[in-house]
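To start, the structure under review is shown below, and the notes come after it.
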Amino acid sequence: MAYPVLVLVAALCALLVAAGEAREEEAAVGASAFRSRATDPNMEVKFDFSPFLIQYKSGRVQRFMGTAFVPPSLDARTGVASKDVVVDEGTGLRARIYRPSRRAVVGGGGGRLPVLVYFHGGAFVVESAFDPVYHGYLNALTARAGVVAVSVNYRLAPEHPLPAAYDDAWAALSWVLENARPGAGGGEPWLSKHGDASRLFLAGDSAGGNIAHNLAMRAGQQGGAAARAAIRGVALLDPYFLGRYVSPGAERAWGFICAGRYGTGHPYVNPAEALPAAAWRALPPPRVLMTVSGQDRLGPFQRAYVDALLGSGWRGEARLYVTPGEGHCYFLNNLASPKAAMHMATLAAFINGS
């Protein structure tokens, strides 16, 4: 009777050995695959900028947000029409233009409306002027403020690190000023027929606010009398500014955005500490609006901006608008919420001079 038992035990042992060998083989295959991934430059992580993106050593960039596209349209709710234009064929720079309803255009003084040049946010690395969130926001803002809006689709890092976005902003401003001239032959008709180039406003949220600030500074230094006179105001909506001493993560992120060209003490990202008073006094617009969300970690840098501007001897008017209890750029979503509606009303009033 022992013999069958021994046979059974031997069979079980053989099965266990075979299973162990199979597991070892699977483990070896898995380890080989892991090593393959670890040495594959298309899978090796170069920089993890979560939750926005990951860049791999091959240069491939995987974005996790801000990649959706919505086409231009006639918005049924606001009556705002939009269309896409090419600003610079060489760089591929494009923009989306928004025109309010025909009744609003006719109601504007002589049919001419303020021109708003807007820059979207997204840490310089995600989002676009064609994203559904920004399309909805610009539709609502165009209707509320009664403007012709130009939403600029600037190039993103890391494929195009700073100063590419700043250069695109400069190209967009030059294009707007050229096309908003009355009777501009062959120009953009929504600007030449309906835009008032003498009432030009720059605005942007987060990274876009940073871009709007740096564009205004460049206009003051290089833009000539026409550009300086045209810019009537700059609205910085929860803008992306830093200080000289920030967390290591924030420092690494900024280095990634600009490919290590500028430190966190550079005027591009730290104007409050880095800009001399004379540079502040050259800021061309007579009015600046700074909005700060109460729970935004960038709030101290945004407030320091206003303090530095007012302390420089700049002769314009600066307003600080604070929304308690809200996080960074809360106003882009849920536009009908009371706080977001008040934020937009404040921006619209700023543009219309009240």
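Using the Karplus curve 6.51 cos²θ - 1.76 cosθ + 1.60 with θ = phi - 60°, what ³J(HN,Hα) values do you get for each residue of segment 85-99, in whole Hz, with x for Gly and Pro?
Ordered by residue, 3J(HN,Hα) equals 9, 9, 8, 9, 5, x, 9, x, 5, 10, 8, 10, 9, 10, 10 Hz.
Treating only the Cα positions of segment 228-354 as identical point scatterers, give the base-10 log of I(q)/I(0) from the Debye formula at each q in 0.11, 0.15 Å⁻¹.
These q points yield log10 I(q)/I(0) values of -0.42, -0.77.
Hey, what angle do you get for helix 207-222 against the long axis of the chain, alpha-carbon based, 0 to 90 degrees rounded to 10?
40 degrees
Among all the lysines, which ones have a C-alpha under 25 Å from K83's C-alpha, if same-chain residues fewer than 8 places away are not counted?
Counting by Cα, and skipping residues close in sequence, K83 has these lysines nearby: K193.
Using a simple charge model, +1 on the beta-carbon of Lys and Arg, -1 on the beta-carbon of Asp and Glu, nothing else, what dipole does the chain show about its Cα centre, in debye to the nearest 20? Each step should come with its number before you reach the end.
Details: 33 positive and 27 negative charges, 297 e Å.
It works out to roughly 1420 debye.
Take the eigenvalues of the Cα gyration tensor for the chain, scale each by 5, and report the square roots as semi-axes in whole Å, largest first. Mind dumping the intermediate values first?
Values: eigenvalues 520, 115, 77 Å².
Over the Cα atoms of the chain, the ellipsoid semi-axes are 51, 24, 20 Å.
For segment 149-204, how big is Rg over Rh, using alpha carbon atoms and the Kirkwood form of Rh? Write down the numbers at each step before the final one.
Values: Rg = 12.9 Å, Rh = 12.2 Å.
Looking at segment 149-204, the ratio lands at 1.05.
For the Cα atoms of the chain, what angle does the longest principal axis make with the long axis of helix 338-351, in degrees from 0 to 90, nearest 10?
40 degrees
Using +1 at the C-beta of Lys and Arg and -1 at the C-beta of Asp and Glu, which of Y321, G90, Q55 has the Cα lying farthest in the positive direction of the dipole of the chain?
It is Y321, whose Cα lies furthest towards the positive end.
Testing the spin-label approximation: label points 7 Å from Cα along Cα→Cβ at A76 and R319. State their distance in nm.
Output for this residue pair reads 3.5 nm.
Mind checking the full-extension length gain between V86 and S50? Use 0.36 nm per residue of separation minus the Cα-Cα distance, one decimal, nm. Before the final figure, lay out each step's value.
On the way: separation 36, 0.36 × 36 = 12.96 nm, distance 3.10 nm.
So the chain would gain 9.9 nm between V86 and S50.
Using only helices, what value at 222 nm comes out for the chain when you add -39,500 (n - 2.57) per DSSP H run of length 4 or more and divide by the total residues, to the nearest 500 deg cm²/dmol?
Numbers: 12 runs with 149 residues, N = 354.
So the calculated ellipticity at 222 nm is -13000 deg cm²/dmol.
To check you understand DSSP bridge types, tell me what percent of the beta bridges within the chain (both residues inside) are antiparallel, rounded to 5. If you can, show how the numbers build up before the last one.
Working: 20 of 49 bridges.
Taking every DSSP beta bridge with both residues in the chain, the antiparallel ones total about 40 percent.
Would you calculate the volume per residue, in Å³, of the smallest convex hull containing every Cα atom of segment 120-244?
Details: hull volume 14.5 nm³, N = 125.
Expressed per residue, the convex hull around the Cα atoms of segment 120-244 is 116 Å³.
State to the nearest 20 debye the size of the charge dipole of segment 78-169 about its Cα centre, where the only charges are +1 on K and R beta carbons and -1 on D and E beta carbons. If you can, show how the numbers build up before the last one.
Details: 9 positive and 8 negative charges, 141 e Å.
Taking the Cα centre of segment 78-169 as origin, the dipole is about 680 debye.
Roughly how many Å² is the accessible area per residue of the chain, as a whole number, for a 1.4 Å probe?
Details: 16230 Å² over 354 residues.
With all protein chains present, the chain gives 46 Å² per residue.
If one takes the longest principal axis of the Cα atoms in the chain, at what angle in degrees, from 0 to 90 and to the nearest 10, does the Cα axis of helix 248-257 lie?
70 degrees
Å³ per residue of the Cα convex hull, for segment 266-341? Before the final figure, lay out the partial values.
On the way: hull volume 7.6 nm³, N = 76.
Dividing the Cα hull volume of segment 266-341 by its residue count gives 100 Å³.
Can you tell me how much longer the chain between A259 and R181 gets when fully stretched, taken as 0.36 nm per residue apart minus their C-alpha distance, in nm with one decimal?
Details: separation 78, 0.36 × 78 = 28.08 nm, distance 3.73 nm.
Extra length from A259 to R181 when fully extended: 24.4 nm.
Just tell me which lysines come within less than 20 Å, Cα to Cα, of K57; anything on the same chain fewer than 8 places away is out.
Hits, sequence-local ones excluded: K46.
At a temperature of 25 °C and a viscosity of 0.890 mPa s, determine how fast segment 33-105 diffuses translationally according to Stokes-Einstein, using the Kirkwood radius over alpha-carbon pairs as Rh; express D in µm²/s, rounded to the nearest whole number. Can you show the working numbers first?
Numbers: Rh = 16.0 Å.
Value of D from the Cα-based Kirkwood radius: 153 µm²/s.
Could you please state how large a percent of the accessible area of segment 60-117 is carbon and sulfur, counting protein chains only and using a 1.4 Å probe?
Numbers: 1640 of 3110 Å².
Its accessible area is 53 percent carbon and sulfur atoms.
Expressed as a whole percentage, what fraction of the accessible surface of segment 291-350 belongs to carbon and sulfur atoms when a 1.4 Å probe is rolled over the protein heavy atoms?
Here it works out to 54 percent.
The values are calculated or read from the model by the stated rules, or taken from the named source; none is laboratory data. Model, not experiment: these values are computed from the prediction. Please note: Cβ atoms are built from the backbone with ideal geometry, for glycine as well, and neighbour counts cover all protein chains shown. The accessibility values were calculated without ligands, DNA or RNA, using every heavy atom of the protein model including side chains. Shrake-Rupley method; radii C 1.70, N 1.55, O 1.52, S 1.80 Å.
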